[in-house]
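Notes to accompany the following structure.
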Amino acid sequence: MISRAQRVLRLNDAGEFIKPSPRQYPHQWNWDSAFIALGLAHFDLPRAIAEVRGLLRAQWRDGMVPHIVYPTGPSDYFPPPAFWQTQNLPHAGPIPSSALTQPPILTTVVRMFSERTHQQSNGNATDYVLRFTHYAFPHLLAWHRWLHTARDADGTGLPCLIHPWESGMDNSPLWANALDHITPAILPPFKRRDMIHVAADERPLAPDYERFVYLIDLGRRLCWEPRVLLEQMPFLIQDVLFCSILHRADEDLRTLAVALGEPTAEIDGWLARTRAVFDARFWNEARGLYLDYDVRSQTPIDVNACGTFAPLFAGLASPEQAARLVAEHFDNLAEYAPSADSCFRLPSAAKNERGYAPRRYWCGPVWIHINWMIAEGLRRYGFDAQADALERDSLALIAESGFREYYDPRDGRGCGADDFSWSAALTLEMLLGSRSDPA
Ligand code: DGY
């Protein structure tokens, strides 16, 4: 499995970046690159560092790190770079990119490989990684600052997402209600290309996709100006998964700051503020779940999806909350635990959720990177048996169905793109990585 995983990463290497998959996603994606770098670091540290540098080179002048970067120009992927209309924006970056961001798992990955190199105490590699960390730190700091300020709609510092693609969980049932309230009155002409290489029943439905395009069109008409986007975008969500990844990333950024002798006061402020507001915003005591929040309608989103476990990854849950998440949900046969009609954990939406669809992208399939983050989170709270089970399921899915983008939880069949880079990279991490100790 190790050599097969390495082969997938080599196969998808486009020189300047590693494609998430050979045909479906031919550009550089933000959180894909972070997970890819984590896997690459196990056998080619310089290539891992080049991957991160490539992504950070595309950072916007205002601090945002975009979700898609197109260093090699257009391809048969929709939307092409020109569709975002970012060319003449004063706050955009130097490389054609999308105008959205994605969960900042990158900071955690940078911390992991900087600490690991240090622990291996290999002089040359340590210097090399230290130089890279010096380079990466101000970029990461600027991105976190942008998330906590430019995307702060209500003074909590919890960033708002303006498009489902920013969550990474494009068509999750989490967004159904918010998207239902959007009528795409005028749609620019476009042609979907995402069903050329992947079966239509594994991809988002047409009404969702139309809204994805509608929101891009709206964003570009607002010149992607953060303040105006917060005022006018009809999709404005605080997402548990995104905010948890950011909080964990803030912790990891702080660790990097200490190692580099940089000040920590600003980061401490973000950490404290998130801790102070997180439960009030997201925790639902009656259900024992973390729920997303729709800032536009000022209502919690009463949908049970995989992100509810992400506060474990961030250390944001109390031991009591963690115990409830595990007993009432993770181990619940009707929701996430294996049962007669579903053998693999963790479905990306609870099996008894109304929008659950076991093969349709983010409506139910199992994703390897979600499993990895949740396993890390479970370990953080001492639920080692559950974490081991999750990791076993991930490796079994990969062994049976290959490095696929996602998997049907009922029978483990692979779905979406094949030769998927982060499934390969996280296989390397699961098989070769030492457990990461959070800050
Ligand atoms: C896609 O094209 O489906 C991507 O998920 C957008 O980021």
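The values are calculated or read from the model by the stated rules, or taken from the named source; none is laboratory data. From a predicted model like this one, the values you see are computed outputs, not experimental measurements. Cβ sites come from the backbone with ideal geometry, for glycine too, and all protein chains shown count toward neighbours. When the accessible area is computed, the model is the full protein with side chains, heavy atoms only, and any ligands, DNA or RNA have been set aside. Shrake-Rupley method; radii C 1.70, N 1.55, O 1.52, S 1.80 Å.
Under the convention that each Lys and Arg Cβ holds +1 and each Asp and Glu Cβ holds -1, the size of the dipole of the stretch 13-103 around its Cα centre is about 100 debye.
If the chain linking residue 258 and residue 10 were pulled fully straight, counting 0.36 nm for each residue of separation and taking away their Cα-Cα distance, it would gain 85.8 nm. If I build a Gaussian network model for the chain, linking alpha-carbon pairs within less than 10 angstrom, which residue out of 198, 366, 65 has the largest mean-square fluctuation? In the Gaussian network model the winner is 198.
Once neighbouring chains are kept in place and the probe is 1.4 Å, which whole percent of the accessible area of the stretch 176-323 is contributed by carbon and sulfur? Summing carbon and sulfur atoms, their accessible area is 54 percent of the total for the stretch 176-323.
Our helix-only sum for the chain, with -39,500 (n - 2.57) per DSSP H run of n ≥ 4 divided by its residues, gives a mean residue ellipticity at 222 nm of -14500 deg cm²/dmol. Placing unit charges on the Cβ atoms of the charged side chains and taking the dipole of the stretch 201-310 about its Cα centre, the candidate lying farthest along the positive direction among 263, 297, 243 is 297.
In the chain, which whole DSSP H runs stretch at least 20 Å along their own axis (Cα) and average -1.0 or higher on the Kyte-Doolittle scale? Provide the component values of the computation, followed by the final result.
Working: long enough: 106-120 (21 Å, -0.58); 123-149 (38 Å, -0.26); 206-221 (22 Å, -0.48); 240-260 (30 Å, 0.88); 265-282 (25 Å, -0.04); 384-401 (25 Å, -0.12).
Those that pass (Cα extent of 20 Å or more, hydropathy at least -1.0) are 106-120, 123-149, 206-221, 240-260, 265-282, 384-401.
Given springs between every Cα pair under 10 Å in a Gaussian network model of the chain, which of 114, 75, 348 has the largest fluctuation? Maximum fluctuation in the GNM of the chain, among the listed residues, is at 75. Within the accessible area of the stretch 49-129, what % is carbon and sulfur when the probe is 1.4 Å and the other protein chains stay in place? Accessible surface attributable to carbon and sulfur in the stretch 49-129 totals 50 percent.
From the Cα gyration tensor of the stretch 2-432, with a ≥ b ≥ c the square roots of its eigenvalues, which class applies: rounded if a/c is under 1.5, or else prolate if a/b is larger than b/c, or else oblate? Since a/c stays below 1.5, the shape of the stretch 2-432 is classed as rounded.
Here the 3J(HN,Hα) profile of the stretch 315-325, calculated from phi with Karplus coefficients 6.51, -1.76 and 1.60 at θ = phi - 60°, is x, 8, 8, 6, x, 5, 5, 4, 5, 5, 4 Hz, Gly and Pro shown as x.
Per-residue Karplus couplings for the stretch 158-170, computed as 6.51 cos²θ - 1.76 cosθ + 1.60 with θ equal to phi - 60°, are listed in order as 7, x, 9, 8, 10, 7, x, 5, 5, 6, x, 10, 2 Hz, Gly and Pro entered as x. Here's how it looks for residue 349: its modeled amide H is under 5 Å from those of 306, 364, which are all 5 or more places away or on a different chain.
With the simple spin-label model, which puts each label point 7 Å out from Cα in the Cβ direction, the residue 272 to residue 47 separation comes to 4.5 nm. Top mean-square fluctuation among 25, 128, 406, Gaussian network model of the chain, C-alpha springs under 10 Å? Highest fluctuation of the listed residues: 128.
On average, how much accessible surface per residue is there in the chain, in Å², for a 1.4 Å probe, leaving out ligands, DNA and RNA? Please report the intermediate quantities before stating the final value.
On the way: 15560 Å² over 439 residues.
So the chain comes to 35 Å² accessible per residue, rounded to a whole number.
Taking a point 7 Å from the Cα of residue 57 along the Cα-to-Cβ direction, the residues of the stretch 83-114 with backbone N closer than 12 Å to it are 94-96.
In this label model, residue 135 and residue 88 are separated by 3.4 nm, measuring between points 7 Å along each Cα→Cβ vector. Once the C-beta distance of residue 327 and residue 2 is scaled by a Förster radius of 56 Å, the resulting FRET efficiency is 0.95 to the nearest 0.05. Amide H contacts under 5 Å for residue 290: 284, restricted to partners 5 or more places along the chain or on a different chain, H placed in the peptide plane at 1.01 Å from N.
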